Amino acid sequence: EIETAIKVVVVGNGAVGKSSMIQRYCKGIFTKDYKKTIGVDFLERQIEINCEDVRLMLWDTAGQEEFDAITKAYYRGAQACVLAFSSTDRDSFDAIQSWKKKVEDEVGELAMVLVQNKIDLEDEAVVQQEEGEELAKQLKLRFYRTSVKDNVNVDEVFKYLAEKYLQE
Ligand code: GDP
Ligand code: MG
């Protein structure tokens with residue numbers, strides 16, 4: 001039996017919670033210390049979709065989101081993508097379309113999802129839910145609101161991507 005393996009890239013501005021999301025999903029942990037990821041690496045988790053084993057390989061960036069040369073190698077061969085922004089960071093929301101373009105310029109069409117993270121930080125929110133919904137509609141993407149800290153909707157994001165990939 002041949003197992004399906006999916007390379008998933010998680011992109012977005014620095015500090016939106018990409019590394020935390022990958023750790024949460026693959027290791028079940030959340031740490032508050034903001035440690036910049038060193039080197040390009042991935043974590044994996046196996047799930048079952050329609051009685052089929054699917055291995056998700058979640059690639060993290062080097063914490064050097066601004067350097068094109070590094071990220072191009074990182075995107076190569078990706079089959080699914082999380083576009084992430086933070087509720088507490090307006091710039092990260094404004095940057096979503098450019099992240100989408102960067103990934104698509106490198107790998108073409110792939111399964112994508114839009115994610116608003118840090119929804120637990122209600123008092124500090126500068127991007128409203130409706131704005132996220134509107135952008136998702138415009139980009140024709142499914143929209144999830146997550147708290148990696150409180151473990152809200154993280155599993156759902158990756159399950160959706162795996163299902164979407166298998167449909168295509
Ligand atoms: P990255 O640069 O996108 O990889 O972001 P990190 O994963 O390093 O996270 C940046 C900071 O945001 C860290 O201090 C995390 O602990 C914190 N963080 C990540 N997700 C959440 C969340 O859902 N809620 C809150 N309150 N903090 C978060
Ligand atoms: Mg990181």
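The table below gives the values:
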read-out	value
Residue 114 among the aliphatic types (A, V, I, L, M) and open to solvent by 10 Å² or more (accessible area, probe 1.4 Å)	no
Residues of the range 155-168 classified as farther than 16 Å from residue 11 by Cβ and within 16 Å of ligand 1 (Cβ to nearest atom), total	2
Residue count for the range 132-150, restricted to those that are away from ligand 2 (no atom under 16 Å from the Cβ), of a type outside the set (Ser, Thr, Tyr) and surrounded by 14 or more Cβ atoms within 10 Å (Cβ to Cβ)	9
Hey, residue 155 touching a residue at least 60 places away in the same chain (Cβ under 8 Å), within 27 Å of residue 27 (Cα to Cα) and within 16 Å of ligand 2 (Cβ to nearest atom) or not	no
Failed item in (1) within 13 Å of ligand 1 (Cβ to nearest atom); (2) open to solvent by 70 Å² or more (accessible area, probe 1.4 Å); (3) assigned to a strand (DSSP E or B), with residue 48 passing the rest	(1)
Candidate set from the range 1-21 (those that are open to solvent by 10 Å² or more (accessible area, probe 1.4 Å) and part of a strand (DSSP E or B)); member that is farthest from residue 145 (Cα to Cα)	4
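The values are calculated or read from the model by the stated rules, or taken from the named source; none is laboratory data. Note that this is a predicted model, so its numbers are computed, not measured. Note that each Cβ is placed from the backbone with ideal geometry, even for glycine, and that neighbours are counted across all protein chains shown. Quick note on the areas: whole protein, heavy atoms, side chains included, nothing else; ligands and nucleic acids left out. Shrake-Rupley method; radii C 1.70, N 1.55, O 1.52, S 1.80 Å.
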